[in-house]
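Here is the structure we will look at.
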């Protein structure tokens, strides 16, 4: 099917007013109503611990209320991200490898650039960001550094997801979705009050899909997935000034992967089994108590992650090498916050945060015959053809075991002073973190050296047999400290028009270790024993430094036409130091490395609006433009200064319009919505030699309600636009992942209030 992007763009340009460009922070509620629902539980809100007044915020915020959550059937972070400008979460090979890019910032591996909180619980590991949540109540997407209040790895922003509280809803909710490629999702939740002060809910869900792609090597489906989750939430309000909330989540899933096709042949064809499985448990307790005008809050969590990944690292039908990575991780967090009265000229917030995280990982790489022949023996024999070698066995393993403990402590404070219509806010955070790596690298194999000084002799005589027994252990550690300031000024416009603001904030992303490089270290050690020069220094190559930035921003949150039209604007300039970029180092065969570029800068604008017209018609959208480039980046082989930062899109676009109307009769109401989502260009490497051009996807839905039932028919990527979500190069071959094609289905939901 031909690409209908130009026609779609023309259609939406005619449908939407010029001012209706996004779903955004100052929206009237739920993105369509006149007030936000579900934010306050009686006299005390357990969710508003650090958050401010969104319509008058001094930062860019996208608020997605409960109606918009239902309209777009949002069940995870990736789906919600499409509604925010300059915020992009692509679907990579598995849920483990999902990455977040915002305003030109982001990396494919290790530390995230955006934080994720679920019911106030900070999810520590980026590899656990991508999972489904039933009964999401609302979502807040904050762009720009949030390190002052939320700490490490929020230099690009923060996402707060809040699930439905049993104190705000009492009853039963259920939902069933079925669509293309045997894709299905079922969820059910029971919400009840044991008393007027105590409520509990139990929510379960399961989902699956057969995937959109097929491995032509064996005919198996790629992307087949089965997942299940259980959530128990308790909300307790013993007095009007105390709120206690606990959320416990257990998820289990397995994916068959990965849908990487060879760019030269446009085929997915590899011979090894690939999959990713995950068991995750998160429990968080939030306690909030107001005493003499001061609110004291604590957020404590325990998190467990047990995952297993098997990867055909060459992604070809040849027997090169296979990685299996098994990990078990425990993490504990504690955040203690004191907040003064918000009325009056002066308000303040102060707190302390601590975390401890310990991972145990096994990551052996098994070399098969083709890998031995082409990657080891060929290199060695080209260097010394008179005494060639041959491996004594058809496969061998490069073993790597890691223990990675890390922890940190922080103290932070933020003050706001109101001077008439002006508000000046200043904040400061001190952050200390220690990260360590205990590793063991080992290999036990053997090879034979032959004498080829006289090529007329056949077979070649044996010169010697060499046993390889490598077992190396070491301990590495680093301490990092950061002082993170913030200064902003906001001006409240007359009446209820909103505000304008300007801010300068320092952001920070933690440093770490390149565990994926250890198989390369072992391989180079093998080559050294065979007479070649070792290329990597473990202590220098395995670690990477923290990334910092200064974000300078101006913006406005406007409520117009009696709050029916919400318009938001922001413009930013970001100076980035030691930007963390994912690279394939020279001589690398199996590993990826996180390296620090010298300097980079990102600049851009974000424009958004939401309009609710009388009679049930609404329009919403989001547009973001980013120009992110390296200023200084010379890795010793090439100078990438002036090149665009890879993986982050230059443009994001969301345009949508819809209509809803109540009816009398068997059908209580009907609604319809059509939207398009655009992304690109995306550069895939530091040299800017490959890219995904800008593309747009057309989606639509229509729904009818009857009493507590709602039936929705939907279709995504109606034009079957072809695009890539990922691109990489391995052992000289270019690979890419296609986005999902056309899909359609139906969703039946039911809600019963007690």
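Every number here is computed from the coordinates shown, using simple stated rules; none is lab data. Treat the numbers as computed from the prediction; the structure is a model and nothing was measured. In this analysis, Cβ positions are derived from the backbone assuming ideal geometry, glycine residues included, and neighbour counts consider all displayed protein chains.
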Assuming a viscosity of 0.890 mPa s and a temperature of 25 °C, what translational diffusion coefficient in µm² per second does Stokes-Einstein assign to segment 162-251, Rh being the Kirkwood radius over Cα pairs? 160 µm²/s
Sort 245, 170 so that the residue with the fewest other Cβ atoms within 10 Å of its own Cβ comes first and the one with the most comes last. 170, 245
Ranking 270, 647 by Cβ neighbours within 10 Å, fewest first, what do you get? 647, 270
Which value, to two decimals, describes the C-alpha radius of gyration of segment 370-509 once divided by 2.2 N^0.38 Å? 2.18
Given N residues in segment 687-749, what is Rg(Cα) / (2.2 N^0.38 Å)? 1.69
Descending packing, highest mean Cβ count within 10 Å first, for 85-93, 742-750, 624-632 is 85-93, 624-632, 742-750
Considering only C-alpha atoms, what is the centroid distance from segment 208-249 to segment 287-354, in Å? 17 Å
Once you keep just the Cα pairs under 8 angstrom separated by 6 or more residues, what percentage relative contact order results for segment 691-754? 34 percent
By what distance, in whole Å, do the Cα atoms of segment 320-442 stretch along each of the three principal axes, largest value first? 85, 29, 19
How much mean residue ellipticity at 222 nm does the chain get from its helices, if each DSSP H run of length 4 or more adds -39500 (n - 2.57) and you divide by all residues, to the nearest 500 deg cm²/dmol? -1500 deg cm²/dmol
How do 449, 682, 670 rank when sorted from fewest to most other Cβ atoms within 10 Å of their own Cβ? 670, 449, 682
Calculated P(r) of the chain - Cα pairs past 36 Å, %: 45 percent
Relative contact order of segment 5-753, defined on C-alpha pairs under 8 angstrom at six or more residues apart (%): 13 percent
For a quick protection proxy, order the peptides 259-268, 561-570, 113-122, 336-345 by their average other-Cβ count within 10 Å, most packed first. 113-122, 561-570, 259-268, 336-345
Three principal axis extents, largest first, for the C-alpha atoms of segment 654-718, in Å? 62, 17, 16
Highest mean packing first, using Cβ neighbours within 10 angstrom, the peptides 296-307, 455-466, 209-220 sort as 296-307, 209-220, 455-466
Among beta bridges assigned by DSSP with both residues in the chain, the antiparallel ones amount in percent, to the nearest 5, to 100 percent
